[in-house]
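Before any comments, here is the structure.
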Amino acid sequence: MEEIDRRIVTLLAGDGRMSFTDLARETGLSVSAVHQRVRRLEKRGVLRGYTSLVDYEAIGLPMTAFISIKPIDPSAPDDAPERLAHLTAIEACHSVAGDESYILKVRVSSPGGLEELLQQIRAAANVSTRTTVVLSTPYEHRFPALDEAEGSETLDQP
């Protein structure tokens, strides 16, 4: 990946609503050149979409927790993500190495809401759980620096 494309990706990761005019100013390219590069990055799948950052406290979901799950029966099918997909309190589901099979990031309104969600998770997926409650989040949604070696290996894949 060219350095200028890395710069565009980094800028958009910081502000997905940045205008082509502002991108052009920051990169030293013309607006049409930036537009063309962004479209090419989208087509290649490097830029997969644009999102809004939500203040979860403002919408009544101030409590974040990470729930590690593992099957009660190790020989059972590995279908927990499908079994849990209907639970909208689960923001993310990560397959992990280690004792647990998955780590879920969840957002709930209260400790009681977390307790109810844990019961739903256990029942739906037949798993045991281990929960870590988030006390504060000093930073989140950070974009890693793309150095020459890592970036070309990671981002040049189709």
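The values are calculated or read from the model by the stated rules, or taken from the named source; none is laboratory data. Predicted, not measured: the structure shown is a model, and the values here were computed from it. No Cβ is skipped: glycine too gets one built from the backbone with ideal geometry, and neighbour counts run over all protein chains shown. Accessible surface areas use protein heavy atoms only, side chains included; no ligands, DNA or RNA. Shrake-Rupley method; radii C 1.70, N 1.55, O 1.52, S 1.80 Å.
Per residue, the solvent-accessible area of the chain (1.4 Å probe, heavy atoms of protein chains only, all protein chains present) comes to 66 Å².
Once you have the Cα-Cα distance between residue 123 and residue 13, take 0.36 nm times their residue separation minus that, and quote the gain in nm to one decimal.
Going from the current span to full extension adds 35.9 nm.
Taking the DSSP bridge list for the chain and keeping only pairs wholly inside it, about 100 percent are antiparallel. Protection proxy ranking for 57-64, 101-108, using the average of other Cβ atoms within 10 Å per residue and placing the highest first: 101-108, 57-64.
Here r is the Cβ-Cβ distance between residue 116 and residue 55 and R0 is 30 Å; the resulting FRET efficiency, rounded to 0.05, is 0.85. Roughly to the nearest percent, how much of the accessible area of the chain is carbon and sulfur, given a 1.4 Å probe? The C+S portion of the solvent-accessible surface of the chain is 51 percent. Charge tally around residue 126: other residues with Cβ under 9 Å, Lys/Arg +1 each, Asp/Glu -1 each, net +1.
The label-point distance for residue 40 and residue 83, in a model that sets each label 7 Å from Cα toward Cβ, rounds to 4.7 nm.
Gyration tensor over the Cα atoms of the stretch 16-158: the corresponding equivalent ellipsoid has semi-axes (square roots of 5 times the eigenvalues, largest first) of 37, 20, 13 Å.
To the nearest 500 deg cm²/dmol, what mean residue ellipticity at 222 nm is calculated for the chain from DSSP H runs of n ≥ 4 alone, each contributing -39,500 (n - 2.57), summed and divided by the residues?
Values: 6 runs with 61 residues, N = 158.
One gets -11500 deg cm²/dmol as the mean residue ellipticity at 222 nm.
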